[in-house]
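Following: one structure in structure tokens, then a few remarks.
The values are calculated or read from the model by the stated rules, or taken from the named source; none is laboratory data. Quantities reported herein were computed from a predicted structural model and do not represent experimental measurements. A quick note on method: Cβ atoms are made from the backbone with ideal geometry, for glycine too, and the neighbour counts reach across all protein chains shown.
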Amino acid sequence: MITELSTIGIAVLGASTLSLLVLVTYYFYFFTGLQASEALAKEEQRPFSIIIAARNERENLEQNLPAILNQDYPNFEVVVVNDGSWDGTKEYLKELSLQVPKLKVVTVNLDEKFRRGKKFALTLGIKGASHEHLLFTDADCKPASDKWLQNMANAMGNADMAIGNSPLTVKRTLLGSIVNYETFHTAVQYFGYANRKQPYMGVGRNLAYTKTLFFDNKGFASHQHIMSGDDDLFVQEVATKSNTSICLSPESFTYSHGPNSFKEWITQKTRHLSTGQLYKGRFKILLGTYSLFQLLIYILSILFIILHPRHWWLGMCPLAVKWLIQWTVILGPSKKLGYKRVGYALPYYDLLYTLFLFFFGITKPFMKPKTWN
């Protein structure tokens, strides 16, 4: 059979097999053995400040803030930074704070001449927090249970930072499928890296760290001018193999709604991906190499089928083996992180993810981190 193949066809098949080997190595190293860090004993509970930056989030706060205020934890406060809202957020928070002593409101007055951004609001919230240990989420996020804070605090243990999970709830549409898998894939990567003592990011929807860590790093000073990055760029700067833990308990998840349109999603991902240009070199190489070979194995399989349509099944072999091994490895993490649907229909989601990589791979050279004027 090999004699029937052209030299180019053999080379393409060889390159496709090499791509498979690279991806399988990546899967087994980063996506297996996902274990939560050892928890601190419950009796050693520390006081926490939960911090939320909110601009025009009255509706979301009305829906989600009660669940945050009612966490089953002995000593905590909730600091909400009203970042220049004009939708009634200020009035809602003022009224609620009179009823709930553990709610502390910090107000940032609107100044159209100088747009300070979320990082400025978070910094004020951190300065206004009463406690050393801080837990962050967004106004549109709802904890999975009243044990969210307890689980994050336990997982943090003696570490300076804890990375939590924050799935998105999406509709069963094409957009929902893409967002679902991409969010899961991002999560399994940053948890996998952290599990291998190479933490590189977390999400601000569920992230904990200490005041000391924040101020020792001079806060967000090095990237204050960039709109996003209060989570991934900050983690890039401060996380080490010894100071970061992860929390995988389903009770610790926070949930928020995914984007409602492709335009909204593309805008969101463009903003997030633009910060990747500021990642440390080794993470750029690792993440970039993985994405490159993810694209290559599809491109090479298609190219082989075009060159040798009679032997199309041979061109599909590396891709089929990839799907089989990837499914075997990823099914466990997909259940653990709350994405069962992803694990059961992997080839479909993997194809959508590859199209996502192709689209943003073309547009990425034109992306620049968005800055404040």
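Looking at segment 261-280, which of its residues are within 15 Å of LEU168 (Cβ to Cβ) and free of Cβ contacts under 8 Å to residues at least 60 places away in the same chain?
Residues satisfying the conditions are GLU264, GLN268, HIS272.
Every residue in segment 255-268 that is within 18 Å of TYR339 (Cβ to Cβ) and either of a type in the set (D, E, K, R) or surrounded by fewer than 17 Cβ atoms within 10 Å (Cβ to Cβ) (or both), please.
Of everything in segment 255-268, just one residue is within 18 Å of TYR339 (Cβ to Cβ) and either of a type in the set (D, E, K, R) or surrounded by fewer than 17 Cβ atoms within 10 Å (Cβ to Cβ) (or both), namely HIS257.
Write out, first by first residue and then by second, each pair whose Cβ atoms fall under 8 Å of each other, whose residues are 6+ apart or on separate chains, and whose first residue, in segment 96-118, is within 23 Å of PHE76 (Cβ to Cβ) while the second is surrounded by 15 or more Cβ atoms within 10 Å (Cβ to Cβ) and at pLDDT below 90.
Taking only residues 6 or more apart or on different chains, the pairs are VAL108/GLY84; VAL108/ARG116; LYS118/MET227; LYS118/ASP230.
Just checking, does segment 162-173 include any residue being surrounded by 22 or more Cβ atoms within 10 Å (Cβ to Cβ) and among the aliphatic types (A, V, I, L, M)?
Checking segment 162-173: at least one residue is surrounded by 22 or more Cβ atoms within 10 Å (Cβ to Cβ) and among the aliphatic types (A, V, I, L, M).
Filter segment 229-250 down to the residues that are in a helix (DSSP H, G or I) and within 27 Å of ARG271 (Cβ to Cβ), then identify the one that is nearest to the chain's Cα centre (by Cα). I'd like the intermediate steps shown before the answer.
Our first condition is that a residue be in a helix (DSSP H, G or I); within segment 229-250, this holds for 232-238, 250.
Okay, now just the ones that are also within 27 Å of ARG271 (Cβ to Cβ), so 232-238.
Working: ASP232: 8, LEU233: 12, PHE234: 13, VAL235: 11, GLN236: 13, GLU237: 16, VAL238: 17 Å.
It comes out as ASP232.
Select from segment 80-91 the residues that are surrounded by fewer than 24 Cβ atoms within 10 Å (Cβ to Cβ) and either hydrophobic (A, V, I, L, M, F, W, C) or closer than 18 Å to ARG205 by Cβ (or both) and list them in ascending order.
If we filter segment 80-91 for residues that are surrounded by fewer than 24 Cβ atoms within 10 Å (Cβ to Cβ), which is where we start, we get 84-88, 90-91.
Within segment 80-91, TRP86 is the sole residue that qualifies.
Contact list please: Cβ distance under 8 Å, first residue in segment 143-154 and touching a residue at least 24 places away in the same chain (Cβ under 8 Å) and under 16 Å from VAL78 (Cα atoms), second residue part of a loop (DSSP other than H, G, I, E, B) and of a type in the set (Val, Ile, Thr), pairs at least six apart or on different chains.
As it stands, the answer is PRO143/THR137, since those pairs meet every condition given.
For segment 53-164, which fully contained strands (runs of 3 or more DSSP E) count at least 2 residues that are of a type outside the set (A, V, I, L, M, F, W, C), touching a strand residue (DSSP E or B) at 6+ places or on another chain (Cβ under 8 Å) and assigned by TED's automatic domain parsing to the domain that holds TYR255? Walk me through it before giving the result.
Numbers: elements: 76-83, 103-108, 133-136, 161-163.
Because the criterion is at least 2 residues that are of a type outside the set (A, V, I, L, M, F, W, C), touching a strand residue (DSSP E or B) at 6+ places or on another chain (Cβ under 8 Å) and assigned by TED's automatic domain parsing to the domain that holds TYR255, the strands (runs of 3 or more DSSP E) in segment 53-164 that meet it are 76-83, 103-108.
For ALA208, work out the one condition from (1) assigned to a helix (DSSP H, G or I); (2) farther than 26 Å from LEU351 by Cα; (3) modelled with pLDDT of 95 or more; (4) among the hydrophobic types (A, V, I, L, M, F, W, C) it doesn't fulfil.
With respect to (1) assigned to a helix (DSSP H, G or I); (2) farther than 26 Å from LEU351 by Cα; (3) modelled with pLDDT of 95 or more; (4) among the hydrophobic types (A, V, I, L, M, F, W, C), ALA208 is out only on (1).
Of all residues being without any contact (Cβ under 8 Å) to a residue 12 or more places away in the chain and aliphatic (A, V, I, L, M) in segment 313-332, which is surrounded by the fewest Cβ atoms within 10 Å (Cβ to Cβ)? Just the residue, please. Steps first, answer last, please.
Step one: list which residues in segment 313-332 are without any contact (Cβ under 8 Å) to a residue 12 or more places away in the chain, which gives 313, 317, 320, 324, 328.
If we keep only those that are aliphatic (A, V, I, L, M) too, we end up with 320, 324.
On the way: ALA320: 14, LEU324: 12.
Going through the qualifying residues, I end up with LEU324.
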